[in-house]
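Report on one structure; see the data block that follows.
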């Protein structure tokens, strides 16, 4: 309880989001969480596909048709990007957990490497997948 002589000021106890200047690393933190939620939804799709495989040939063909359609492929492309992006973000956090990469220029470099790496690796994965498929 404050002294009677001290006047209480109306100010936030900690800095609010309006005070911070948005940085790429802040945005990537949010994207990392979003991709984590997206991966959970992807697991639901995987369970759907596996349960369809164990149900009947007709139901499996229906689900397989969904994933072979343009929308299903778009979902699979997004899921593969989310998985790679989330994995690279986890590696970035692992580097930070070892006590390295905290200088502002290194933080920004790691964040940019995460973005570029996830895009390049996702495209490369799909190019190889289509190349193998024929």
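The values are calculated or read from the model by the stated rules, or taken from the named source; none is laboratory data. Since the structure is predicted, the reported quantities are computational estimates derived from the model, not experimental observations. Cβ: placed from backbone, ideal geometry, glycine included. Neighbour counts: every protein chain shown.
Taking residue 45 as the residue in question, decide whether it is at negative phi, without any contact (Cβ under 8 Å) to a residue 60 or more places away in the chain, surrounded by 16 or more Cβ atoms within 10 Å (Cβ to Cβ) and in contact with a helix residue (DSSP H, G or I) (Cβ under 9 Å, 6 or more places away or on another chain).
Yes; evaluated as a whole, the condition is true for this residue.
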Q) Given (1) exposed (fewer than 10 other Cβ atoms within 10 Å of the Cβ); (2) modelled with pLDDT under 95; (3) under 28 Å from residue 119 (Cβ atoms), where does residue 16 come up short, assuming only one miss? A) (3)
Q.
Any residue that is under 18 Å from residue 28 (Cβ atoms) and surrounded by 11 or more Cβ atoms within 10 Å (Cβ to Cβ) - is there at least one of those in segment 48-61?
A. no
Q: Considering each of 38, 78, 72 in turn, give the residue that is in a helix (DSSP H, G or I), closer than 23 Å to residue 129 by Cα, out of contact with any strand residue (DSSP E or B) (no Cβ under 8 Å at 6 or more places or on another chain) and at pLDDT below 95.
A: 38
Q. Of these, 85, 93, 100, which one is over 14 Å from the mean Cα position of the chain (by Cα), surrounded by 11 or more Cβ atoms within 10 Å (Cβ to Cβ) and under 19 Å from residue 32 (Cβ atoms)?
A. 100
